[in-house]
Amino acid sequence: MKAKKITFKESLNREKCITFFIRYGYFVHTEDDQILVMRKAGSQLTVDGEKFPKELSIFFKSNETEIALKYNTFVLFDTGDLQEELDVISNRIKTNINSLV
């Protein structure tokens, strides 16, 4: 399943992003200079896509930040909830942008 992406024109702060997303159930999986990968636990066997485990990748660039969200398991099809969750994440970031830069 292809990841859903959104780009912000602001360069977000890595440590503030970690603290922010931990509040929403994500944990740090891997990180390096340019990318932070966080995961959210879920159930492997479910008919509701909202309950699948997810992987949130944050790409830190010099003048922008790209956020990608994908399922962290094999899925046959996307029920649309992945885009819905990315929209929620986007709205949370926009609402809190001053505390994340």
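The values are calculated or read from the model by the stated rules, or taken from the named source; none is laboratory data. Source: prediction; values computed, not measured. Positions of Cβ are backbone-derived with ideal geometry, glycine not excepted, and every protein chain shown enters the neighbour counts. Calculation scope for accessible area: heavy atoms of the full protein, side chains included, ligands and nucleic acids excluded. Shrake-Rupley method; radii C 1.70, N 1.55, O 1.52, S 1.80 Å.
Checking the stated criteria, Ile35 turns out not to satisfy the condition of being buried (at least 18 other Cβ atoms within 10 Å of the Cβ) and modelled with pLDDT of 90 or more. The criterion of being at pLDDT below 85, open to solvent by less than 70 Å² (accessible area, probe 1.4 Å) and in contact with a strand residue (DSSP E or B) (Cβ under 7 Å, 6 or more places away or on another chain) does not hold for Leu69. Checked against the criterion of being under 19 Å from Asp81 (Cα atoms) and either in contact with a helix residue (DSSP H, G or I) (Cβ under 8 Å, 6 or more places away or on another chain) or open to solvent by 80 Å² or more (accessible area, probe 1.4 Å) (or both), the candidates Ile6, Ile22 yield just one match: Ile6.
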